[in-house]
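Novice: Supplied in structure tokens, the structure appears directly below.
The values are calculated or read from the model by the stated rules, or taken from the named source; none is laboratory data. A quick note: this is a predicted structure, and the numbers were derived from the prediction, not measured. So basically every Cβ, Gly included, is an ideal-geometry build from the backbone, and we count neighbours across all protein chains shown.
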Amino acid sequence: MMEVPNLQITGVERVVPVGSQVTCYPPPLNSDVDYLVLADSRQKDELFGLGFELDGRQQFYEGMSEGGFLSYRNGEVNLIVTSDEKFFNKFLKATEEAKRLNLLHKEDRIKLFQRVLYDKDY
């Protein structure tokens, strides 16, 4: 597996593990490994060069059209890349809350993230 926390490409400031592997106990056996990346917009070509592709499975990703983040995938590794520090911090807040609540159902985690990131209630 790729050592994503040591991602050495242009413009990357921080890389933090997130997603169900971090928030759920016990972690799911068959889920992606997600990382939240704070970076400027210069790394796109470098990510493609490392084998990442823009993730086409974004039905749960409210905010994509608002430019909040882009999702890149390489096998089971998913990078959630943003240049918006406010979004980055909100995402970390939602991650900590999901972990505290141990939300094991994906739908519950999605609702929590929608509320924290976009102030939407379901």
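Novice: Of all residues in the range 1-58, count the ones that are touching a Phe, Trp or Tyr at 6+ places or on another chain (Cβ under 8 Å), at pLDDT 85 or above and over 20 Å from Leu92 (Cα atoms).
Specialist: 4
Novice: Could I ask something else about it? Would you point out the residue of the range 66-115, among those that are in contact with a helix residue (DSSP H, G or I) (Cβ under 8 Å, 6 or more places away or on another chain) and of a type in the set (Val, Ile, Thr), that is surrounded by the most Cβ atoms within 10 Å (Cβ to Cβ)?
Specialist: The extreme case among them is Val81.
Novice: Further, regarding this structure: For residues that are of a type in the set (D, E, K, R) and in contact (Cβ under 8 Å) with a residue 24 or more places away in the chain, scanning just the range 74-120, find the one that is nearest to Asn30 (Cα to Cα).
Specialist: Within the range 74-120, the match that is nearest to Asn30 (Cα to Cα) is Glu76.
Novice: Now for a separate question. Does the range 6-20 hold any residues that are surrounded by 16 or more Cβ atoms within 10 Å (Cβ to Cβ) and not in a loop (DSSP other than H, G, I, E, B), and which are they?
Specialist: If the condition is that a residue be surrounded by 16 or more Cβ atoms within 10 Å (Cβ to Cβ) and not in a loop (DSSP other than H, G, I, E, B), then Val12, Val15, Val16, Val18, Ser20 are the ones that fit.
Novice: Next question. Can you name every residue in the range 69-122 that is within 13 Å of the chain's Cα centre (by Cα) and among the hydroxyl-bearing types (Ser, Thr, Tyr)?
Specialist: Within the range 69-122, Ser71, Tyr72, Thr82, Ser83, Thr95 meet the criteria.
Novice: Continuing with the same structure: So which residues in the range 5-55 are of a type in the set (Gly, Ala, Ser), under 14 Å from Ser71 (Cα atoms) and under 14 Å from the mean Cα position of the chain (by Cα), if there are any at all?
Specialist: Gly19, Ala39
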